[in-house]
Amino acid sequence: MAACSFRRSIASQLSKVLDLPPESLIKSISAVPVSKKRHVADFQLSIASVTDNSSSGCLARDLHLQAEKLAERLKCDAVVSEISAGPGTVNFMINRELLAKTVLHQVLKDGLEYGLKSELFSAVPRQKAVIEFSSPNIAKRFHIGHLRSTIVGNFIANLKVALGHEVIRINYLGDWGMQFGLLGVGFQCFGNKEKLKSSPLQHLFEVYVQINKAAEDENTKKLAKDFFRKLEEHDEQTLSLWKQFRDFSIEEYVRIYKRLGVHFDEYSGESFYQEKSQEVLKMLEDKGLLQKTIKGTGIVDLSEKKDLSSFSTVMRSDGTSLYITRDLAAAIDRMNKYSCDTMIYVTDKSQSNHFQHLFQILKLMGYDWAERCQHVSFGLVQGMKTRRGEVIFLEDVLNEVRSRMLQNMASAKTTKETENPTETAEKVGLAALIIQDFRGLLSSDYQFSWDRALQSRGDTGVFLQYTHARLHRYDEVLYRSSQDLQPKHIVSYLLTLSHLAAVAHKTLPVKASAPELAQGEEGSLPGWWNRNRRAPSAPHGRSDRAGAV
């Protein structure tokens, strides 16, 4: 790729001056992110990475002085047009004409695979990854934490597939536990089979809300406990009703996920591991890891000194499994089934402690592959509400974004007619939703704003979609995102590129230009454009796995 050839050229000149092999210098030369501000460098060399300052406790001014001295010894050539010193860095500006020609040639040559064939990825082995994301809890509200898990997990899956890795997408549903005893009793009292078929998520939520009002009633508690006991004992009638809850819900999820451009290879759930979790408890006991407390619960000591300063509860006093026990069973089962190189869990940051314990227990059990398990956490979203109030279901969000985009399109003076305005509104609206979420670090909380998200100018998905319609450089950016699984690098790059393209459009106006020049453009920036555009599905959207808002 272009960036790699430029980096090699810089390393070659540095090698002669520093008397170091070019290969050792290449990794110290980093590409400078494109910025809307004054551009001072395309590449930078960190002085600290090529000098031995361990004994001198080198100060910043010393590094800057070294950078100035090194910059003076280097010369511009056919590739590098400008060399300057920065705070502890040597900056290199690439010849603009050469840069443009090289990048455009590479884009034309690689087409849709531009950036993916970079030698940056040549040393990265192709892997098989299991990614668990979205994972809503049947009968409970599909809150914004689940939406964020869905689009972040989908981004990671798409990124890995684009880079040549094999991916198994898993939706681990919250489909087991005492709440299903309560839901079963609730359905017997308030349920409607026709509503269950036509709108399962909405109806089950309504039933759950109604029965929850009586959840503290002793008789209701007894009935719920009896229902769940029958479920665990595989009572035919009870199991049949639970299966309807699950199957109808999955059908509706599939339909809604399709609107997001999200799909799963496997719909799993806690119910799959009810029996296997007992096998896990037996394994823990056989390995001497399971300890009983005075209350009869089972725990695993996670402390370094084995003084129970840190432990995880894995069994109830009645011998039944817990959430983490079923997660242990699921992780072991997935590794046996898929023999994957890595397992990634995408949930909110409140579950960081849970996954830390999960990976620790797996390692204590002798599963070295636990080192290859990763929790990608994200922060909380505040302020996302529809015009009707609090968001309850994912579909509420999708309908709201479509409605608001249609309204914006109708009120914009420059809007052009489209073949399917509703479809266009939904796709552009989804881009707006995703881009606002991906602009910062995933671990950060943020305040959601419909107005900010749906603006046609500024760093928004709407603006990005518009520019994407007119344009199609970025292996360095892809590589950074592939290393830390943060979408912000790609989003920041694309937004900056879009703004620079907008500047170019102003510099090269279509109006009043010669016809042969004007034909290369679609026109000056309108509020909308005259074709349906594809929405970026975040590169391809748990029991409260995703976390609460």
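Some notes on this structure:
- For the residues THR422, THR467, the requirement of being in a helix (DSSP H, G or I) and at pLDDT 85 or above singles out THR422.
- Residue among LYS36, LYS27, LYS16, LYS109 that is farther than 24 Å from LYS488 by Cβ, among the charged types (D, E, K, R) and at pLDDT below 90: LYS109
- Tally, over segment 13-28, of residues that are over 14 Å from ILE94 (Cβ atoms), of a type outside the set (A, V, I, L, M) and open to solvent by less than 50 Å² (accessible area, probe 1.4 Å): 4
- Selection within segment 274-321 - within 35 Å of the chain's Cα centre (by Cα), open to solvent by 40 Å² or more (accessible area, probe 1.4 Å) and under 19 Å from ARG229 (Cβ atoms): GLU275, GLN278, ARG316
- For the condition at pLDDT 95 or above, closer than 30 Å to ILE434 by Cα and out of contact with any Gly (no Cβ under 7 Å at 6 or more places or on another chain), ASP265 qualifies.
A quick yes/no check of all residues on (1) of a type in the set (Asp, Glu); (2) within 22 Å of the chain's Cα centre (by Cα); (3) open to solvent by less than 30 Å² (accessible area, probe 1.4 Å):
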| residue | (1), (2), (3) |
| --- | --- |
| ARG96 | no, no, no |
| ASP110 | yes, no, yes |
| LEU116 | no, yes, no |
| ALA123 | no, no, no |
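- Taking the listed residues SER271, SER249, the one that is open to solvent by less than 20 Å² (accessible area, probe 1.4 Å) and assigned to a helix (DSSP H, G or I) is SER249, with no other qualifying.
- Restricting attention to segment 311-325, the residues that are modelled with pLDDT of 95 or more and touching an Asp or Glu at 6+ places or on another chain (Cβ under 8 Å) total 1.
- Count of residues meeting criterion [charged (D, E, K, R) and either open to solvent by 20 Å² or more (accessible area, probe 1.4 Å) or at pLDDT below 95 (or both)] in segment 327-345: 3
- Residue in segment 156-170 that is under 23 Å from the mean Cα position of the chain (by Cα), open to solvent by 10 Å² or more (accessible area, probe 1.4 Å) and small (Gly, Ala, Ser) present: yes
- Complete set of residues in segment 198-219 that are over 32 Å from the mean Cα position of the chain (by Cα), part of a helix (DSSP H, G or I) and surrounded by fewer than 19 Cβ atoms within 10 Å (Cβ to Cβ): GLN210, ASN212, GLU218, ASN219
The values are calculated or read from the model by the stated rules, or taken from the named source; none is laboratory data. Please read all numbers here as calculations on a predicted model, not as lab measurements. Reconstructed Cβ throughout: ideal geometry from the backbone, glycine too, with neighbour counts over all protein chains shown. When the accessible area is computed, the model is the full protein with side chains, heavy atoms only, and any ligands, DNA or RNA have been set aside. Shrake-Rupley method; radii C 1.70, N 1.55, O 1.52, S 1.80 Å.
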